Every structure is written in structure tokens, then in C-alpha cells.
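Trainee: Sharing a structure below in C-alpha cells format, with a few things to ask.
The values are calculated or read from the model by the stated rules, or taken from the named source; none is laboratory data. Keep in mind it's a predicted model, so treat the numbers as computed, not measured. Methodologically, a virtual Cβ is constructed for each residue, glycine included, from the backbone with ideal geometry; neighbour enumeration extends over all protein chains shown.
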């Protein structure tokens, strides 16, 4: 990340978003919970940030390059390892589930990162990828306002097609997909929205993909 890294210098400002947008956060949690693996094992979140999702979802380990925001995740009880998505500090086949929750847009090399996810998963393990598509209503707003935002100016949103193709190219089989935040983004925080089946609707998409057993 070139220039100031706000995840190092302004982590509390980023974390405060979840309190200001509680119903959006709860809608996103519901969508992710819909696709959680049935069996608990070693779960890791790549780009764990402040630990808002990991601490609620029971994710054991977080990977995070920024020490500033990682300190908040540790305060929430998450074990954080320093590292980047393109070179995970994890052994082959060491995770039963790997999560990327709104971190994909901050990853430079998506293909390499998804290949790393495939590497660290056990056969039959699940990748849970949650993202804001560039071709969504919220994605379009972020594309316009991002350059003025200290966090979003570093983001690179990707389309649904790009992400789905990247997941499959990494050797993962897409199992199920849900979306939420389907209405006008201006009213998204007015209520908690249950997830909708499929990848075509919503500004927050969650994909579950599985590493083949053979």
C-alpha cells in the first residue's frame, strides 16, 4: 500500500463504521452465517482487520499485515499472524475453512491469493469469500467516492464475474452463493436484511467454494 496506510494509523476510525452501520453489519453477518461449514475445525480469516467478523463467527486465526488494526482483533480474542494474502504464513492443508470478508478489494494479486487459499485448505475444506461487487449499486457509489475516502482510495473493487472466475481458476468448486443489501444503499442501515439465494442480487455477495477431495 503506497503512502500512508490508514489501517496502521487510523484503525479506530475504520472500526467505528460497524457501530455507525450496525444493521448493515448484521445483514452481512447473516449472509456469511448462511454459508458457514457444518463442522467446526481450524478456521482462518485472511485480512482479519479489527476482528469484527472473526470474533462473531468463531474464527480461530486471523492473517493481517497491518499491526495497527490487528491490535483491535487481538483485543477481541482473535489470534493474529502477520502476513499477506499472497504468501500466507500457514502450512499446506492446515485450515478447514478460509474466509476473505471484504478484504479481496485490498489484495493486489487476487489470483495468487486465491491459489494460496486453495493451498492451505484441507481436501474438502471451504473458502468463504464475501465481497462488494464493482457492478453493484454500492460498488458504483464506492467507485465514485473512493478517491476521497482514506480507506477506499486503496481499494480495487472487482466484478462478480471476475471473482467467480478467479475462484474457479484457483481450483475451487463453487458450492453456493447468497447476497444481501439488495435495495438502495442510502436506506441499507434502516433494517436487517436476510440473505437472498444466488450471486446476482445485492451489494454484498458471499460465495462458498470447496477444495476438491481428490
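Trainee: How many residues does segment 99-112 contain that are farther than 22 Å from residue 18 by Cα and at pLDDT 95 or above?
Mentor: So the answer is 4.
Yes/no per residue for (1) touching a strand residue (DSSP E or B) at 6+ places or on another chain (Cβ under 6 Å); (2) under 19 Å from residue 32 (Cβ atoms); (3) in a helix (DSSP H, G or I); (4) without any contact (Cβ under 8 Å) to a residue 12 or more places away in the chain:
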{"residue": "156", "(1), (2), (3), (4)": "no, no, no, no"}
{"residue": "162", "(1), (2), (3), (4)": "no, no, yes, no"}
{"residue": "174", "(1), (2), (3), (4)": "yes, yes, no, no"}
{"residue": "179", "(1), (2), (3), (4)": "yes, yes, no, no"}
{"residue": "188", "(1), (2), (3), (4)": "no, yes, yes, no"}
{"residue": "193", "(1), (2), (3), (4)": "yes, yes, no, no"}
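Trainee: Yes or no: residue 30 under 30 Å from residue 187 (Cβ atoms), touching a strand residue (DSSP E or B) at 6+ places or on another chain (Cβ under 8 Å) and assigned to a loop (DSSP other than H, G, I, E, B)?
Mentor: no
Trainee: Could you say which residue among 133, 150 is part of a loop (DSSP other than H, G, I, E, B) and at pLDDT below 95?
Mentor: 150
Trainee: Also: Quickly run through segment 18-27 and pick out the residues that are surrounded by 13 or more Cβ atoms within 10 Å (Cβ to Cβ) and touching a helix residue (DSSP H, G or I) at 6+ places or on another chain (Cβ under 8 Å).
Mentor: Residues satisfying the conditions are 18, 21, 23, 24, 25, 27.
Trainee: Provide a single number: the residues in segment 80-129 that are surrounded by 18 or more Cβ atoms within 10 Å (Cβ to Cβ), part of a loop (DSSP other than H, G, I, E, B) and free of Cβ contacts under 8 Å to residues at least 40 places away in the same chain.
Mentor: Of the residues in segment 80-129, 1 are surrounded by 18 or more Cβ atoms within 10 Å (Cβ to Cβ), part of a loop (DSSP other than H, G, I, E, B) and free of Cβ contacts under 8 Å to residues at least 40 places away in the same chain.
Trainee: Consider only pairs whose beta carbons are under 8 Å apart and that are at least six residues apart or on different chains; among these, list those whose first residue lies in segment 132-150 and is over 25 Å from residue 11 (Cβ atoms) and whose second residue is in a helix (DSSP H, G or I) and at pLDDT below 90.
Mentor: 134/143
Trainee: Further, regarding this structure: Filter segment 200-214 for residues that are part of a loop (DSSP other than H, G, I, E, B), touching a helix residue (DSSP H, G or I) at 6+ places or on another chain (Cβ under 9 Å) and under 20 Å from residue 118 (Cβ atoms) and give the result. Explain how you work it out, then say what you get.
Mentor: Step one: of segment 200-214, the residues part of a loop (DSSP other than H, G, I, E, B) are 200-203, 211-214.
Checking which are touching a helix residue (DSSP H, G or I) at 6+ places or on another chain (Cβ under 9 Å) leaves us with 200, 202-203, 211.
If the condition is that a residue be part of a loop (DSSP other than H, G, I, E, B), touching a helix residue (DSSP H, G or I) at 6+ places or on another chain (Cβ under 9 Å) and under 20 Å from residue 118 (Cβ atoms), then 211 is the only one that fits.
Trainee: In addition: Test each condition in (1) within 19 Å of residue 17 (Cβ to Cβ); (2) out of contact with any strand residue (DSSP E or B) (no Cβ under 6 Å at 6 or more places or on another chain); (3) part of a strand (DSSP E or B) for residue 138 and report the one that comes out false.
Mentor: (3)
Trainee: Being within 16 Å of residue 85 (Cα to Cα) and surrounded by fewer than 15 Cβ atoms within 10 Å (Cβ to Cβ): is that true of residue 156 here?
Mentor: yes
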